1. How long is the gain from GLU26 to LYS50 if the chain were fully straight, where each residue apart is worth 0.36 nm and the alpha carbon distance is subtracted?
2. Per residue of segment 73-86, in order, report the coupling 6.51 cos²θ - 1.76 cosθ + 1.60 (Karplus, θ = phi - 60°) as ³J(HN,Hα) in whole Hz, putting x for Gly and Pro.
3. Carbon and sulfur: what percent of the chain's accessible surface (1.4 Å probe)?
4. Return the long-range amide H neighbours of ILE252 (sequence gap of 5 or more, or a different chain), with a cut-off of under 5 Å between placed amide H atoms.
5. Which value in Å does the Kirkwood hydrodynamic radius of segment 1-117 take, with 1/r averaged over all unlike C-alpha pairs and then inverted?
6. Which whole-Hz ³J(HN,Hα) couplings does segment 59-71 yield from phi under the Karplus relation 6.51 cos²θ - 1.76 cosθ + 1.60, θ = phi - 60°, glycine and proline marked x?
7. Grab the other residues whose beta carbon is less than 14 angstrom from that of THR35, score K and R as +1, D and E as -1, and report the net.
8. Take every Cα pair under 8 Å in segment 92-178 that's 6+ residues apart, average their separations, divide by the length, and report that relative contact order as a whole percent.
Amino acid sequence: LDPLTPSQKGGSAVLDQQARVQLSLELKKQGVIFTDLVTAARDYPEKLDKILGRVVDPADGKFAAMTGAYARNGLFIYIPRGVRLEKTLQSLFWASGENLAHYSMLLIYLDKNASLTYIHETSSADDQEGPSLVGENIEIYVGPGSHLKFIELQTLGRNVWNFGHQKAIVDQEGSLDWVIASLGSRLTKRFLSVDLQGEGADGKVSGMVFGDGSQHLSYNTRQNHLAPRSNSDLLFKGALTGSSRSVWRGMIYVAPDSRFIDGYQANRNL
């Protein structure tokens with residue numbers, strides 16, 4: 001995946017057996033952190049501690065716990081207060097090899113009044129004969145007054161079983177625009193949650209699944225209004241051919257003290 005011209009790209013990373021990360025000198029000078037988890041734990045432990053395991057909890061489910069326990073590979077992105085990036089960051093999680101389990105974490109933390117556009121793809125070869133397992137936890141925090149546009153693409157091979165927990169916390173007057181395209185794998189089961197934690201928080205999720213053959217693509221989504229004047233908007237669309245199947249389960253939760261909220265969800269299939 002490389003949809004960006006050099007002038008648009010601020011940094012890129014590939015996760016395979018190890019992490020290979022590149023970040024422009026311009027963004028480094030602004031205090032942007034874009035690195036692998038091992039380096040983050042060594043050089044930025046206080047910043048990493050703000051998000052690791054604090055968004056996706058192992059108690060959220062057995063797949064969240066499994067990935068949290070076994071993942072040694074992953075990325076940590078930190079955007080400092082007041083830094084609004086015009087250039088995009090992107091990453092590729094390449095789950096190579098059959099009869100293996102691949103685990104990774106993606107951690108994105110935007111401090112106050114920051115902004116970022118991020119593109120992430122999870123992929124693998126489509127010609128492997130043996131099965132493999134991919135587990136992925138994505139943890140996102142959008143600080144007060146910050147904005148994140150997160151584009152996520154799943155193009156795994158046809159003999160891959162894929163499980164993941166994806167959760168974002170959006171703070172006061174922050175906004176999240178989450179775009180998802182799920183195209184590959186034999187089976188995908190994802191749990192996606194947006195917690196509108198601060199007053200005036202805004203969360204938008206646009207999802208698309210396309211299945212053919214005997215694929216099974218499943219998403220459980222939650223829009224949690226935990227503060228007043230929060231807004232959420234979710235639309236999932238699916239197109240299926242052959243004997244493929246898609247499953248979508250959605251929930252909007254409104255906390256007792258969260259007044260003047262606006263929540264919407266829809267699912268349309270062909």
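The values are calculated or read from the model by the stated rules, or taken from the named source; none is laboratory data. Here the structure is a predicted model, which means the values were calculated and not measured. Neighbour counts run over all protein chains shown; Cβ positions are idealised from the backbone, glycine included. Just so you know, the surface numbers come from the protein's heavy atoms only, side chains and all, with ligands and any DNA or RNA stripped out. Shrake-Rupley method; radii C 1.70, N 1.55, O 1.52, S 1.80 Å.
1. Details: separation 24, 0.36 × 24 = 8.64 nm, distance 2.47 nm.
Gain on extension, GLU26 to LYS50, equals 6.2 nm.
2. 10, x, 10, 10, 10, 10, 10, x, 4, x, 8, 10, 7, 8
3. 50 percent
4. GLN223
5. 15.2 Å
6. Working through the residues one at a time gives 6, 5, x, 5, 6, 5, 5, 4, 5, x, 7, 9, 5 Hz.
7. Working: positive: ARG20, LYS28, ARG42, LYS47; negative: ASP36, ASP43.
So the surrounding residues net to +2.
8. Here the relative contact order equals 34 percent.
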